[in-house]
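Q: My structure is below; once you've seen it, I'll send some questions.
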Amino acid sequence: MNVLTFEKALKGSRAYGLLMSDLKTGLGHAYIVASGDDDVVDEFFTLVAASVYCENGNSACFECAECRKVLHRNHADVFHINEARDKIKVDDVAKLVASVYVKSLSDRKLYFIHRADLMNAQAQNKLLKTLEEPPQDVTIFLGVANSAAMLDTIKSRARTLHLDVFDEDTVFEAMLALGYDREMSSVAAACSEGMLGKARKIASSPQYAQLYRAALDLMKRLDKSTDILSLDGLAAGQEDMSGFLDVLSIIIRDMLIVQEDESMILSKHVSQDIKELAQKYSPLALAKIISIINDTRRQLSLNVSPLSAIDNLLFSILEVRHKCPKS
Ligand SMILES: [Zn+2]
């Protein structure tokens with residue numbers, strides 16, 4: 001059982017690997033941890049601090065006394081600033097700067113500034129002075145969602161680590177480990193753009209689960225043109241039409257994955273339903289359906305009525321299935 005929600009994925013991340021190799025040779029004085037995923041940055045900070053102080057050879061075991069202090073936020077040499085991810089005022093930075101020169105109890109002090117991009121220019125300039133002449137035993141981590149909000153002078157004094165993008169399998173495994181079923185984990189992994197926090201939000205949203213089941217149901221029941229009359233209303237009645245088309249694309253894409261590489265069936269996160277559906281369509285048909293779904297998106301953005309857009313979509317799906325049969 002992982003202590004942090006995303007412990008395993010974070011320990012496998014490139015950003016963590018780079019930091020651990022720095023830790024062996026000597027940590028730098030400042031790092032920017034760039035990610036649009038605030039929750040994941042928080043966890044990353046905890047993991048980094050545990051790794052630095054862990055009594056079991058920097059392993060972040062979360063069992064030793066040092067790791068537990070980090071976890072419970074009562075380690076004397078670990079400082080968190082702006083955990084609420086609110087605005088950071090120049091006074092907050094002034095307090096940090098004043099404490100930086102107090103000697104550490106161990107031989108290293110870590111400062112974690114959450115959402116450092118919320119600092120105004122005045123606060124950043126105040127911090128810059130410390131970054132220009134940092135005390136030997138201090139490392140400052142800046143969690144940043146929007147790099148453009150950081151002064152270039154700060155960026156040039158910090159090493160930037162990107163934490164955004166995990167591959168789909170990693171996200172999928174992380175969602176499974178959180179207890180979501182394969183279907184939801186797959187949807188979350190596909191819609192998350194590689195962001196773990198976003199994936200968790202999707203996986204825990206009943207709305208996405210409902211959309212996915214509706215789209216899967218639609219594909220399972222769509223067999224001949226007379227089916228369209230009973231199915232179009234069901235699809236067109238979806239409140240979140242763009243979300244519906246998103247999950248439909250994911251289903252089609254997963255069907256394509258099954259078609260293209262049978263060896264992936266075992267390892268890849270596709271359900272039995274997807275495998276059975278995939279039997280009915282050729283890879284060429286599926287590729288065309290993906291572009292038809294994009295056309296449907298375009299029609300909806302041009303205010304075509306949902307019902308007629310969905311009618312077109314369903315007819316086109318059946319048409320390409322017929323014209324590009326499985327060999
Ligand atoms: Zn430990």
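Q: Would you mind stating whether Ser59 is farther than 26 Å from Leu151 by Cα, within 16 Å of the ligand (Cβ to nearest atom), touching a helix residue (DSSP H, G or I) at 6+ places or on another chain (Cβ under 8 Å) and without any contact (Cβ under 8 Å) to a residue 24 or more places away in the chain? Let's see the steps before the verdict.
A: Details: farther than 26 Å from Leu151 by Cα: yes; within 16 Å of the ligand (Cβ to nearest atom): yes; touching a helix residue (DSSP H, G or I) at 6+ places or on another chain (Cβ under 8 Å): yes; without any contact (Cβ under 8 Å) to a residue 24 or more places away in the chain: yes.
Yes: the conditions hold for Ser59.
Residue-by-condition table, conditions (1) surrounded by fewer than 22 Cβ atoms within 10 Å (Cβ to Cβ); (2) touching a strand residue (DSSP E or B) at 6+ places or on another chain (Cβ under 6 Å); (3) over 20 Å from Ala76 (Cβ atoms):
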| site | (1), (2), (3) |
| --- | --- |
| Ala15 | yes, yes, yes |
| Met20 | yes, no, yes |
| Leu23 | yes, no, no |
| Val33 | no, yes, yes |
| Gly36 | yes, no, yes |
| Asp39 | yes, no, yes |
| Val48 | no, no, no |
| Ser51 | yes, no, no |
| Cys54 | yes, no, no |
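Q: Scan the range 172-187 and report the pairs whose first residue is over 16 Å from Val40 (Cα atoms) and whose second residue is crowded, with 23+ Cβ neighbours inside 10 Å and of a type in the set (S, T, N, Q), with Cβ atoms within less than 8 Å and a gap of 6+ or a chain change.
A: Sorted first by the residue in the range 172-187, then by its partner, the pairs are Leu176/Ser185.
Q: Does Lys69 fit the bill of being of a type in the set (D, E, K, R), within 13 Å of the ligand (Cβ to nearest atom) and more than 19 Å from Tyr16 (Cα to Cα)? Give the steps one after another, and end with the answer.
A: Details: of a type in the set (D, E, K, R): yes; within 13 Å of the ligand (Cβ to nearest atom): yes; more than 19 Å from Tyr16 (Cα to Cα): yes.
Considered against the rule, which asks whether it is of a type in the set (D, E, K, R), within 13 Å of the ligand (Cβ to nearest atom) and more than 19 Å from Tyr16 (Cα to Cα), Lys69 comes out as yes.
Q: Here's something else I'd like to know. Got a sec? Which helices (runs of 4 or more DSSP H) wholly within the range 1-87 have at least 3 residues that are assigned by TED's automatic domain parsing to the domain that holds Arg157 and either more than 30 Å from Ile202 (Cα to Cα) or hydroxyl-bearing (Ser, Thr, Tyr) (or both)?
A: Values: elements: 7-11, 14-25, 38-53, 65-71.
It comes to 14-25, 38-53, 65-71.
Q: Does the range 197-211 contain at least one residue that is out of contact with any strand residue (DSSP E or B) (no Cβ under 9 Å at 6 or more places or on another chain), crowded, with 21+ Cβ neighbours inside 10 Å, of a type in the set (D, E, K, R) and part of a helix (DSSP H, G or I)?
A: The answer is yes, given that some residue of the range 197-211 is out of contact with any strand residue (DSSP E or B) (no Cβ under 9 Å at 6 or more places or on another chain), crowded, with 21+ Cβ neighbours inside 10 Å, of a type in the set (D, E, K, R) and part of a helix (DSSP H, G or I).
Each row is one residue, and each column tells you yes or no for (1) assigned to a helix (DSSP H, G or I); (2) closer than 22 Å to Asn294 by Cα; (3) modelled with pLDDT under 90; (4) not acidic (Asp, Glu).
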residue: Lys220; (1), (2), (3), (4): yes, yes, no, yes
residue: Ser230; (1), (2), (3), (4): yes, no, yes, yes
residue: Ser242; (1), (2), (3), (4): yes, yes, yes, yes
residue: Leu245; (1), (2), (3), (4): yes, yes, no, yes
residue: Leu248; (1), (2), (3), (4): yes, yes, no, yes
residue: Arg253; (1), (2), (3), (4): yes, yes, yes, yes
residue: Leu256; (1), (2), (3), (4): yes, yes, yes, yes
residue: Gln259; (1), (2), (3), (4): yes, yes, yes, yes
residue: Ile265; (1), (2), (3), (4): yes, no, yes, yes
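The values are calculated or read from the model by the stated rules, or taken from the named source; none is laboratory data. Please read all numbers here as calculations on a predicted model, not as lab measurements. Cβ: placed from backbone, ideal geometry, glycine included. Neighbour counts: every protein chain shown.
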